1. Round to the nearest 0.05 the FRET efficiency obtained for PHE239 and LYS124 when R0 = 30 Å and r is the Cβ-Cβ distance.
2. Can you give the net charge of the other residues whose Cβ lies under 14 Å from the Cβ of ASN363, counting K and R as +1 and D and E as -1?
3. Can you give me the long-range amide H partners of ILE201? Hydrogens built in the peptide plane at 1.01 Å from N, cutoff under 5 Å, separation of 5 or more residues or another chain.
4. Which parts of the range 239-264 would a label at PHE180 reach, counting a residue when its backbone N lies under 18 Å from a point 7 Å out along Cα-to-Cβ?
5. Over the chain, what is the relative contact order in percent, taking alpha-carbon pairs closer than 8 angstrom and at least six residues apart?
6. Can you give the extra length, in nm with one decimal, that the chain gains between GLU203 and LYS52 once fully stretched, where that is 0.36 nm per residue apart less the Cα-Cα distance?
7. Quickly work out the ASN253-to-LEU364 label distance, labels modelled 7 Å from Cα along the C-beta direction, and quote it in nm with one decimal.
8. Whole angstrom only: what separates the Cα centroid of the range 10-67 from the Cα centroid of the range 176-249?
Amino acid sequence: MKIGFDAKRAFHNVTGLGNYSRSVIESISEIRKNDELYLMTPKINHNNFFVKNKNIHIITPGRFTNKSYWRFIGINRKIKKLKLDVYHGLSNEIPYGINTKSIVTIHDLLFLKYPNFYNYVDRKIYHIKSQLACENANYIIATSKQTKADIINFFNINENKIKIIYQSCHQAFIMHSENFILNKEIKTHLINPFILYVGSIEERKNLLFLLKALQHTKKEIRLICVGKKGKYFNKINSFISKNKLTNRVVFLNIQDVNTLAILYRKSRGLVYPSINEGFGIPIVEGMYSKIPVITSNQPIFKEVGGQNSYYFETGNLDSLIENINEIWTDSPNKTKRIEANFKYVQKFNAKTQATQIIDLYKNLI
């Protein structure tokens, strides 16, 4: 097969959509060694994605080509010239007017469910691209049952066209390698016990709610936060200063996935307070890291987190505080739940994900 991928996120997103794109491309490349994979990207960033396999080829636009136009429409000429068997849009879009068999992965439609968290222009662009992709692709991959339901609800798509294929996470969280050396700054922050928050610093991720819970815990619980800072960080920082949490909350800029994986394993547990997601990869990363995971009782998080994660009642501060206190100290129940989660999380693996996606490709050609 000759397979094309929208690889922009693989080269330019460190977490989230980038991790998903890299996982799909790399695992399919390993399984289908005789196939030719073409990565379509406006720009290349080898710091985020260094291509090793010989069956992977990188395609970029001409030097003076408008990159946004090329990704949305102009790329069709290249797709036709390469005679691709299938094109896979890895992040909610495919080229408009695409002239070959296509699949799109829809991660979420949160911009429609929670419009107040997105600016008007972004929301409109996301809406147009996602709807066009869902209507025109031969198959849609939804990363969860919740996302499948949202696609049907918002775009009135036939459910038989939508396939649920769960995501995995980076091998660094699965392999538990101890051969990676941390720098001195990171080591300093790991001396004392801490809980972990992983996610961008934006309103929808609900970090402020976690900080309010931290403020009311009786114990001097420390929190390490890892994620890209947006404008919302100003509000977060103001709350921390006002409530004298400066010595208990640390923000780390971690670009290396091996460092992040060690941070997970050294923590007392992950707290993922997001209001809603299309999936929630940090939950999977936490379960693979053999640490307790706390998140809200939204259906999507229960779908990903299984029966043995810790769930707080959405919007209930006391419920979150209770869960934080419970994971802070060791107990037989905590150990039992961690082990049960580790068994459960094995279903979220790259090989299974890749095999299911390849089966969709085969169905198309």
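No lab work stands behind these numbers, since they all come straight from the coordinates. Model, not experiment: these values are computed from the prediction. All Cβ positions, even for glycine, are placed from backbone atoms using ideal geometry, and neighbour counts span all protein chains on display.
1. 0.45
2. Once all neighbours under 14 Å are counted, the net charge is +2.
3. It is LYS228, LYS229, GLY230, by chain and number.
4. Hits in the range 239-264 for PHE180 at 18 Å: 252-264.
5. Once divided by the residue count of the chain, the mean separation gives 15 percent.
6. The span from GLU203 to LYS52 would gain 50.6 nm if fully extended.
7. 3.9
8. First find each Cα centre; the distance between them is then 32 Å.
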